[in-house]
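The values are calculated or read from the model by the stated rules, or taken from the named source; none is laboratory data. Predicted model only: the values in this text are computed from it and were never measured. Here the Cβ positions follow ideal geometry from the backbone for every residue, glycine too, while neighbour counts run over all protein chains shown. The accessibility values were calculated without ligands, DNA or RNA, using every heavy atom of the protein model including side chains. Shrake-Rupley method; radii C 1.70, N 1.55, O 1.52, S 1.80 Å.
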Amino acid sequence: MKTVSGFLTDDSNGERLATALVSAGATTIAANAYGYYSISIPVSTKTLKYSCLGYTPVEHQLHTAGDTVINVSLSFLPNMISEVVIDVSGNTASDRAAKALNMNAVKLLPSFLGEADLIKSFQLLPGVTSIGDGASGFNVRGGGVDQNLVLLDEAPLYFTSHLFNLFSVANPDAVMDAVLYKSEIPARYGGRLSSVLDTRLRDGNNQHWQAAGGIGLIASRLTLEGPLKKDKSAILISARRSYTDVITRQSSNPDIKDNSIYFYDLNTKINFPLGQKNRIFLSGYLGKDKIESAEDFMLQWGTGTGTLRWNHVYSNKLFSNFSLIFSDYRYRLGSMSEPSSSFIWKASIRDYTAKNIYNWYAGSGSTVTFGAESALHVFSPGSATPEGSASIFQPVRMKGQRSADYSLFWNHELRPANWLSIEYGARYTAFQTIATDSIVVYDYEGKAGSRRDPVNPRAYEDGKAIKWYHSLQPRLSLILKSGESSTWKASYIQTVQNLHLISNSLSTSPLDMWTPSSYNIKPERAVQYSVGFSNRPIHSPYKFSAEAYYRKLSNQLDFVDGAETLLNEHLEGDILSGAGRAYGTELQIERTSGKITGWISYTLSRTERKIEGINSNQYYPAKHDKTHALSAVAIYRMSSRILLSATYSAASGTPATLPSSRYEFSGYTVLYNPGNARNNYRIPSYHRLDLSATFKNKTKPEAKTSSEWVISAFNALNRRNAFSMYLRQKENQPLDLEAVQYSMLGMIVPSVTWNFKF
């Protein structure tokens, strides 16, 4: 046997190709996240084939019988971009069950306000939904938005949208691609129950300088990139800002002029080599949102991240990446309407992480991934201080919290035969809750379903461990090929979550708090079983896939009725925990070639909770439960310069808690729920059609500049989809009730964007 290793890159810009494949006969392996590959093959092998979706395949002739290093650059094929768009079932040898999208794909889908949105694009795939228009985050297989680990160059993001989900924090010009894991989550990932969305920033062009951007109705963006040293190192700087505040300041109406709403973000990345076997990557993100109403109200939130990575090639069979990661999420609320009670409320969560991952290419069809990870989480749950000299507001400060987790992980991918792939591993985590300053910890006792009282105080000094939690999370997946076109797969995973989002509203907001597992709040746990089948007939443009799953949940959190989440020193007394379950079937059919490409996906699912003290101790649907969810994507390449696309989404309404009875008291109508029923109604079903047309300006083949116009219509059917509902007395008939529907977006939203590149 001999070993061939090296890096795979894009020849136009020198960026690493993380999704590239290397084949020798019936053996195929995938490059890792940094474009590195290592394949062990018989000495007699004379040819290697290198391929990547959207690139021209390359065959390389081997002229040596010993180990060798071969670095290969692949050329991009613009006329294959339609296949890049719709191949969303996983396109690597090691992560076949993952869902992958790159930005070339995302930019061809209809977008809100002309801005390509990576996270919203994943919601068109089976098993991925959201509460509705305007809701932040996304839900995977019945999990809450906090049960998804969203990474940006390995840094965790705690809030993933700008302007209440009008824009994603992922700048489309700075992102290379993203992979969503929901069935088989590799052991190198941990900390969340439902899924992992691993988003990778582009490395930057190390061949020549270039600029790209777009000018839209609400926001514009600009990206600059180029070599610090040609063929060796590169820098990328990408900025984006909305200018609604600039527009409102031009108004002569004081009620409009004194209001401000805007966001901005900045992505930077530098990479450079240190010799032949080392490379350094330094990337960062800074984003901020601000909403201000004259001198009455202010809401502000933002995220800052930084990642330092060191790639090292120990040998042709051992690759290592060491990362230092920083993430800082801050949010604040100000109320200045009454000078005597004006205040500013602040909160934050900050993470410091160190991680080392090794890829050991043990032999033909055998790859071992192992490593360690340690993270420190610092929580500032909230402090309120008076604003202005006239305010008599009394300062309030909640005790800070700290926690740390230490993880070891190991994963082995084995291909004993061409028709069989086995991937198994485990992740062990030790989680520690740490006292900040001097702190008093309580037990909470009382009637289930109502606010409980703190009892049995215990004091801890600064830095002392309050509670330890240990977990072993095994992972196993099998993939079997049946004939030339069919694949069967099955998986079993256990996941544990120690950071919890505290929210009692329908949709998350920037003001929701995160809290770690503590003396009273136990880690959330999940066990998931899934089986699937896919079929792609030879020479057929169609692919069909189906997957069924069942997830058993424990220590799921919910609130007692009337819970207080803001500046509540004894918040744990308002939180209850119990069991949950989620199960469903996901179907998808894709068309991958031809003038019309796209896919249709359908999910039939159920997500429920059972918590003592809620809903008479019976199962009730989770607030993000959707029984039916349908998505359709169609992309029509009319010509080389004109492309039309459409997406259609339909889904069952989400649950809502509405009173089912009433009585009269002293002339007033009182609404109530017998048995405190939770989520006992559903809002009307959801439908939305989005349309888009892209017109590329005519350019000569040798031209280095290009531009295009993108015209889109969001909610083209002009439908007022319900976001929530409530009951109220009719104004003229107070004894009768009416259901009131609240919609976040209830009109057609057209947009025009000019994109350019030079």
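Can you tell me which residue is farthest from Tyr158 (Cα to Cα) among those in the stretch 292-332 that are modelled with pLDDT under 85, part of a strand (DSSP E or B) and open to solvent by 20 Å² or more (accessible area, probe 1.4 Å)?
Ser293
Considering only the stretch 30-50, how many residues are open to solvent by 30 Å² or more (accessible area, probe 1.4 Å) and in a strand (DSSP E or B)?
Within the stretch 30-50, residues that are open to solvent by 30 Å² or more (accessible area, probe 1.4 Å) and in a strand (DSSP E or B) number 2.
Hand me the list of strands (runs of 3 or more DSSP E) wholly inside the stretch 432-526 holding 3 or more residues that are out of contact with any Gly (no Cβ under 8 Å at 6 or more places or on another chain), small (Gly, Ala, Ser) and farther than 30 Å from Leu166 by Cα. Before the answer, list the steps.
Values: elements: 439-445, 453-460, 465-482, 486-497, 499-502, 513-516.
The qualifying strands (runs of 3 or more DSSP E) are 465-482.
For the stretch 391-410, enumerate the residues that are open to solvent by 60 Å² or more (accessible area, probe 1.4 Å) and either in contact with a helix residue (DSSP H, G or I) (Cβ under 8 Å, 6 or more places away or on another chain) or not in a strand (DSSP E or B) (or both). Spell out the reasoning first.
Of the residues in the stretch 391-410, the ones open to solvent by 60 Å² or more (accessible area, probe 1.4 Å) are 392, 394-395, 397, 399, 402, 406, 408, 410.
Listed by number, the residues that qualify are Ile392, Gln394, Pro395, Lys399.
State yes or no: is Ala703 loosely packed, with under 15 Cβ neighbours inside 10 Å and small (Gly, Ala, Ser)? Working first, answer last.
Details: loosely packed, with under 15 Cβ neighbours inside 10 Å: yes; small (Gly, Ala, Ser): yes.
When the stated conditions are applied, Ala703 passes them.
Just to check your reading of the model, which residue among Asp173, Asp133, Asp146 is open to solvent by 10 Å² or more (accessible area, probe 1.4 Å), under 30 Å from Trp310 (Cβ atoms) and of a type in the set (Asp, Glu)? Step through it out loud before you land on a result.
Details: Asp133 fails: under 30 Å from Trp310 (Cβ atoms); Asp146 fails: under 30 Å from Trp310 (Cβ atoms).
Exactly one of Asp173, Asp133, Asp146 is open to solvent by 10 Å² or more (accessible area, probe 1.4 Å), under 30 Å from Trp310 (Cβ atoms) and of a type in the set (Asp, Glu), namely Asp173.
So if I check each of Glu338, Glu373, Glu413, Glu387, which one is open to solvent by 20 Å² or more (accessible area, probe 1.4 Å), free of Cβ contacts under 8 Å to residues at least 40 places away in the same chain and among the acidic types (Asp, Glu)?
On the way: Glu373 fails: free of Cβ contacts under 8 Å to residues at least 40 places away in the same chain; Glu413 fails: free of Cβ contacts under 8 Å to residues at least 40 places away in the same chain; Glu387 fails: free of Cβ contacts under 8 Å to residues at least 40 places away in the same chain.
The unique qualifying residue is Glu338.
So Ser601 fits all but one of (1) in a loop (DSSP other than H, G, I, E, B); (2) in contact with a strand residue (DSSP E or B) (Cβ under 6 Å, 6 or more places away or on another chain); (3) not hydrophobic (A, V, I, L, M, F, W, C); what number is the exception?
(1) is the only condition that Ser601 fails.
Of (1) on the phi < 0 side of the Ramachandran plot; (2) surrounded by fewer than 20 Cβ atoms within 10 Å (Cβ to Cβ); (3) in contact (Cβ under 8 Å) with a residue 60 or more places away in the chain, Ser616 satisfies all except one. Which?
The single condition Ser616 does not satisfy is (1).
State all residues of the stretch 604-648 that are over 22 Å from Ser692 (Cβ atoms), in contact with a Gly (Cβ under 8 Å, 6 or more places away or on another chain) and assigned to a strand (DSSP E or B); if no residue qualifies, say none.
Hits for the stretch 604-648 are Leu604, Ser605, Arg606, Thr607, Glu608, Arg609, Lys610.
Can you give me the number of residues within the stretch 500-533 that are at pLDDT 80 or above and over 16 Å from Ile466 (Cα atoms)? Spell out how you get there, then give the answer.
Residues of the stretch 500-533 at pLDDT 80 or above: 500-502, 513-533.
Within this subset, residues satisfying the condition of being over 16 Å from Ile466 (Cα atoms) are 500-502, 513-514, 524-533.
Here the count works out to 15.
Condition (residue is under 20 Å from Arg240 (Cβ atoms) and free of Cβ contacts under 8 Å to residues at least 60 places away in the same chain) applied to the stretch 170-189: is it met by at least one residue?
Just the residues of the stretch 170-189 that are under 20 Å from Arg240 (Cβ atoms), to begin with: 170-178.
Retained after the next criterion (residues that are free of Cβ contacts under 8 Å to residues at least 60 places away in the same chain): 170.
Within the stretch 170-189 (the criterion being under 20 Å from Arg240 (Cβ atoms) and free of Cβ contacts under 8 Å to residues at least 60 places away in the same chain), the answer is yes, since at least one residue qualifies.
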